[in-house]
Amino acid sequence: MLPRRRLLTGLVGAALTSRRARAEERRDERRRQSWAFALEEVELTVPGLHPAHDGLRVGQLTDIHIGANTPDGRVIAAVDALNQARPDLVVLTGDYVTRRGDPLERVPELLARLEGDVVAVLGNHDHWTDARTIARDLGRVGFCVLQNENTLLRVRGAPLCVIGVDDGASRRDDVARALHGAAARGSRLVLAHTPPTAAKLPADAGLVCLSGHTHGGQIWLHGVTEGVFARAGQPFVRGAYQVGGNTLYVSRGLGFGRGSPLVRVGSEPEVTVLTLRAG
Ligand SMILES: [Fe+2]
C-alpha cells in the first residue's frame with residue numbers, strides 16, 4: 001500500500017505544480033498584455049519639406065494617462081522603444097494624466113529618460129488636472145513645452161519649425177497665436193492634442209499636424225465607431241487624413257483614462273515613428 005500512497009502523493013504534487021505553473025504563465029501573459037503596444041511606422045509626404053529633412057524621423061507619444069489604469073511598465077517600455085528607434089525628434093501630444101489625484105510626480109519621472117530633443121503640448125485632461133505643474137515639470141526635465149507658440153529647432157543641420165497648439169477640447173486651441181512669427185515655409189510640424197484643430201489651420205499650407213485624444217476610438221467597431229465619434233464632433237479618429245489641404249495623423253495613444261472603459265478593442269495602444277518625405 002505504501003508505494004501506492006507515495007505514488008498518489010506524487011501525482012497530486014505534480015498536478016499542483018503544473019496548476020501553479022499554468023497560473024504563473026497566465027499571470028505573466030496578463031503582465032505582457034498590460035505592457036503591450038504597437039510600434040507604428042508611418043510615412044507622410046510633406047510639401048515644402050527642407051531637402052535635409054527628407055527621411056526625418058519623428059517619434060510620437062500621446063495620451064499616456066499616467067496613473068492607476070496605465071501600467072508604468074507600458075510607459076517604461078514605450079520610452080525604451082522610442083529611444084531604441086533613435087528618431088531625430090520626439091513629440092508628446094498631451095494627456096499625461098487624467099484627473100486630480102493622479103500621480104503628477106511620475107510624469108517627469110517616467111518621461112525624463114526620453115533621449116534627444118523633445119517638444120510637448122498639453123491635452124484636455126492636463127488642463128482639467130494641473131496644467132501649470134505638468135508644463136513646469138516637463139520643462140524641468142529639458143522638454144520644450146509649447147502652449148499656442150512655436151519654436152525653431154536645428155535638426156540635421158536645417159531649421160525645423162515646431163508649432164504647438166494648445167488643447168481644443170477645452171477651447172484653448174488658438175491657431176493664429178501659435179503660428180505668430182512661425183516660418184511661412186520650409187520644414188514645419190504642428191502639434192495639437194485634438195484632431196479637429198487641424199481644420200483650423202490655414203488651408204493648403206503644406207502643414208503636417210500630429211494629434212491624439214481619441215484613443216483610436218478605444219472600442220473599434222468597423223462602420224460604427226467613426227460614426228459615433230463624428231456625431232460627437234470628432235471626425236478624425238485614427239491614422240492619416242487630408243484636412244483642408246494639410247496632413248493630419250491621429251495616434252491611438254498609449255494609455256487608459258480613469259472613467260473611460262478599461263478595455264481597448266481593435267485599438268491597440270500605439271507608439272509612433274513617423275518618417276517625413278519631401279513632397
Ligand atoms: Fe486621452
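The conditions are (1) touching a residue at least 60 places away in the same chain (Cβ under 8 Å); (2) hydrophobic (A, V, I, L, M, F, W, C); (3) within 16 Å of the ligand (Cβ to nearest atom), and Leu111 fails exactly one of them. Which is it?
(1)
Among the candidates Pro235, Pro195, which residue alone is at negative phi and modelled with pLDDT of 95 or more?
Exactly one of Pro235, Pro195 is at negative phi and modelled with pLDDT of 95 or more, namely Pro195.
If you scan the stretch 110-155, which residues turn out to be of a type in the set (Val, Ile, Thr) and under 23 Å from Leu207 (Cβ atoms)?
Answer for the stretch 110-155, where residues must be of a type in the set (Val, Ile, Thr) and under 23 Å from Leu207 (Cβ atoms): Val118, Val119, Val121, Val145, Thr151, Val155.
So, in the stretch 156-174, exactly how many residues are free of Cβ contacts under 8 Å to residues at least 60 places away in the same chain and part of a loop (DSSP other than H, G, I, E, B)?
So the answer is 8.
Would you mind stating whether Leu153 is buried (at least 23 other Cβ atoms within 10 Å of the Cβ), in contact (Cβ under 8 Å) with a residue 40 or more places away in the chain and away from the ligand (no atom under 16 Å from the Cβ)?
So Leu153 fails the test.
Considering only the stretch 205-238, state which residues are more than 16 Å from the ligand (Cβ to nearest atom), touching a Leu at 6+ places or on another chain (Cβ under 9 Å) and within 20 Å of Glu268 (Cβ to Cβ).
Correct list: Val228 only.
Out of everything in the stretch 85-95 that is under 20 Å from Gln147 (Cα atoms) and in contact (Cβ under 8 Å) with a residue 40 or more places away in the chain, what residue ends up being farthest from the ligand (Cβ to nearest atom)?
By that ranking, first place goes to Leu89.
Which condition breaks for Ala230 when tested against (1) closer than 25 Å to Pro159 by Cα; (2) part of a helix (DSSP H, G or I)?
Going through (1) closer than 25 Å to Pro159 by Cα; (2) part of a helix (DSSP H, G or I) one by one, Ala230 breaks only (1).
The conditions are (1) within 17 Å of Val271 (Cα to Cα); (2) in contact (Cβ under 8 Å) with a residue 12 or more places away in the chain; (3) not hydroxyl-bearing (Ser, Thr, Tyr), and His53 fails exactly one of them. Which is it?
(1)
Is it the case that the stretch 251-262 has a residue that's more than 13 Å from the ligand (Cβ to nearest atom), touching a strand residue (DSSP E or B) at 6+ places or on another chain (Cβ under 8 Å) and farther than 30 Å from His50 by Cα?
no
Within the stretch 41-94, track down each residue that is in a loop (DSSP other than H, G, I, E, B) and of a type in the set (A, V, I, L, M, F, W, C).
Result: Leu49, Ile64, Ile66, Ala68.
Would you check which residues across the stretch 38-73 are crowded, with 21+ Cβ neighbours inside 10 Å, within 16 Å of the ligand (Cβ to nearest atom) and of a type outside the set (A, V, I, L, M) and list them?
Scanning the stretch 38-73 gives Gln60, Thr62, Asp63, His65, Gly67, Thr70.
Here's a check for you: in the stretch 156-171, which residue that is over 19 Å from Gly206 (Cα atoms) and surrounded by fewer than 19 Cβ atoms within 10 Å (Cβ to Cβ) is nearest to the chain's Cα centre (by Cα)?
Of everything passing the filter in the stretch 156-171, Ser170 is nearest to the chain's Cα centre (by Cα).
Among the residues of the stretch 226-248, what is the count of those that are closer than 24 Å to Leu82 by Cβ and in contact with a helix residue (DSSP H, G or I) (Cβ under 9 Å, 6 or more places away or on another chain)?
7
Quick one: how many residues across the stretch 77-106 are of a type outside the set (Gly, Ala, Ser), modelled with pLDDT of 95 or more and closer than 21 Å to Glu268 by Cβ?
Residues that pass the stated criteria total 12.
Please give the number of the condition Glu109 fails out of (1) surrounded by 16 or more Cβ atoms within 10 Å (Cβ to Cβ); (2) farther than 20 Å from Leu274 by Cβ; (3) at pLDDT 95 or above.
(1)
The values are calculated or read from the model by the stated rules, or taken from the named source; none is laboratory data. All values derive from a computational prediction rather than experimental measurement. Please note: Cβ atoms are built from the backbone with ideal geometry, for glycine as well, and neighbour counts cover all protein chains shown.
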